[in-house]
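> Attaching a single structure in structure tokens format; questions to follow.
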Amino acid sequence: MSARSASLTRRTLVLGAAATAGLAATGVRAAFGEEARPAPTRMPTCFVGHGSPMLALDATKGAELTRLLAAMPTPKAILVVSAHYERSPVTLGATTTRPLIYDFRGFPRALHQVRYPAPGAPALARRVTTLLSPLGSVRSDPRRGLDHGAWVPLRWMAPKADVPVLPVSLPTHDPKTLWRLARALAPLRDEGVLILGSGNVTHNLRRLDGRRGAPTPSWAAEFDAWAETTLKGHAYDALLDWERKAPAARTNHPTVEHFVPLLIAAGASQRSDRVSFPITGFEAGSLSRRCVVFG
């Protein structure tokens with residue numbers, strides 16, 4: 001080999017090594033955005049107790065949710081399953097920024113003035129369709145914006161509204177069907193997506209107590225404690241049979257839509273995931289604020 005050829009070969013190797021190092025430093029093109037970002041780590045899955053819409057105006061409680069997401073890797077996108085979006089078959093909400101849904105009455109006007117212009121997540125919607133299609137039909141509703149079960153907690157979790165958000169409907173209340181749906185979505189965790197369920201561990205609006213410092217009744221405290229023990233122990237057979245296994249299940253949930261988003265968060269987890277409860281406690285006596293992080 002000539003001296004010139006050897007020099008060119010060494011130069012090629014150096015440039016190739018530099019290019020490889022550059023790719024490692026900048027990461028590949030993001031799956032759900034256009035900018036090059038570091039390769040994702042496995043995202044946790046999460047369930048939040050969104051409680052009253054007034055949470056959107058409560059900076060003290062909101063700061064707890066801000067810290068919750070700040071403790072996680074920055075998600076590329078958030079897939080949110082809210083208690084207030086029930087539609088069958090599975091339906092994907094808007095993939096462009098849409099006006100918020102103010103799905104409540106009797107609250108201060110200030111709540112209707114809250115804005116949360118999160119970007120849509122069209123690439124995530126296509127990926128979700130691919131993952132869920134083997135389970136059945138997947139539809140889209142391009143006009144469906146974020147309901148308060150989504151935008152109220154997200155206003156604090158991602159306050160800059162700069163993370164793409166995809167609302168996905170609850171197609172059923174059947175635990176086993178929701179579990180299969182969650183298992184199908186689980187690969188998104190390795191793609192930088194936060195899978196977020198939004199509801200409440202206890203939710204009986206007829207039993208709320210508006211007095212300041214109202215005590216928590218035993219039926220709510222015992223159910224909330226059962227959920228903690230069941231989740232920490234990964235006792236998912238009991239979780240799927242919660243209406244029979246949990247104490248006072250129907251008292252805590254006369255209707256079940258606020259509990260079943262927890263099944264999505266748990267179903268997308270792994271048994272090796274650590275289960276933590278960054279926010280606990282009650283408001284209005286019996287409404288659990290418990291948030292759950294898997295991973």
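Taken together, the values in this text are just the output of simple stated rules run on the coordinates, not laboratory data. Bear in mind that the values here come from a model prediction, so they are computed numbers and not experimental data. Ideal geometry is used to build each Cβ from the backbone, glycine not excepted, and the neighbour counts take in all protein chains shown.
> Under the classification rounded if a/c is under 1.5, otherwise prolate if a/b is larger than b/c and oblate if not, where does the range 140-243 fall, given a ≥ b ≥ c as square roots of the Cα gyration tensor eigenvalues?
Oblate.
> Another question, if that's okay. At 7 Å along Cα-to-Cβ for each site, give me the label-to-label distance between residue 105 and residue 225 in nm.
3.9 nm
> For residue 246, what is the net charge nearby, where nearby means another residue's Cβ is under 14 Å from its Cβ and Lys, Arg count +1, Asp, Glu -1?
-2
> Further question: How about residue 76: which lysines have a C-alpha closer than 17 Å to its C-alpha, ignoring those fewer than 8 places off in the same chain?
Answer for residue 76, where 17 Å is the Cα cut-off: 160, listed by chain and number.
> Report the gain in length on full extension from residue 271 to residue 96: 0.36 nm times residue separation, minus Cα-Cα distance, nm rounded to one decimal.
Going from the current span to full extension adds 59.5 nm.
> Okay, next question. Would you kindly derive the ³J(HN,Hα) couplings of the range 96-106 from the backbone phi angles with the Karplus curve 6.51 cos²θ - 1.76 cosθ + 1.60 (θ = phi - 60°), listing them in order in whole Hz, with x for Gly and Pro?
10, 5, 10, x, 5, 9, 9, 8, 7, 9, x
> Grab the DSSP H runs of the chain that are 4 residues or longer, score each as -39,500 (n - 2.57), total them, divide by all residues and round the 222 nm result to the nearest 500 deg cm²/dmol.
Mean residue ellipticity, 222 nm, calculated: -10500 deg cm²/dmol.
> Next question, about the same structure. Would you please give the residues with an amide H less than 5 Å from that of residue 279, counting only those at least 5 places away or on a separate chain, with H modeled from the backbone geometry?
HN-HN under 5 Å from residue 279: 291.
> Let me ask something else. Kindly state, to the nearest 0.05, the FRET efficiency for residue 72 paired with residue 218, given R0 = 41 Å and r defined as their beta-carbon distance.
Values: r = 34 Å, r/R0 = 0.83.
E between residue 72 and residue 218, to the nearest 0.05, is 0.75.
> Using θ = phi - 60° and the Karplus form 6.51 cos²θ - 1.76 cosθ + 1.60, what ³J(HN,Hα) does each residue of the range 221-237 get, whole Hz, x for Gly and Pro?
For the range 221-237, the Karplus-derived couplings read 4, 5, 5, 4, 5, 4, 4, 4, 5, 5, 6, 4, x, 6, 7, 6, 4 Hz, x marking Gly and Pro.
> How much FRET efficiency would the formula 1/(1 + (r/R0)^6) give for residue 141 and residue 114, where r is the Cβ-Cβ distance and R0 is 30 Å, rounded to 0.05?
Working from the Cβ atoms, E equals 0.85.
> Each residue of the range 153-168 in turn: what ³J(HN,Hα) in whole Hz from Karplus with 6.51, -1.76, 1.60 and θ = phi - 60°, glycine and Pro shown as x?
x, 5, 4, 9, 5, 10, x, 7, 6, 10, 9, x, 10, 10, x, 10
> For each of 272, 82, count neighbouring Cβ atoms within 10 Å of the residue's Cβ, then give the residues from fewest to most.
So the residues, fewest neighbours to most, are 272, 82.
> Kindly put 162, 58 in sequence by how many other C-beta atoms sit within 10 Å of each C-beta, fewest to most.
Ranked by crowding around the Cβ, least crowded first: 162, 58.
> Here's another thing I want to ask about it. Scan the chain and hand back the longest stretch that contains none of the GluC sites (Glu not before Pro) lying in DSSP loops with at most 10 other Cβ atoms within 10 Å.
The longest such stretch corresponds to 36-295.
> Next question. Amide H of residue 209: which non-local residues (sequence gap of 5 or more, or other chain) have their own amide H closer than 5 Å, using H built in the peptide plane?
Here 285, 286 satisfy the definition.
> How big is the chain along each principal axis, measuring the range of its Cα positions in Å and listing the largest first?
Principal extents (Cα only, largest first): 88, 43, 39 Å.
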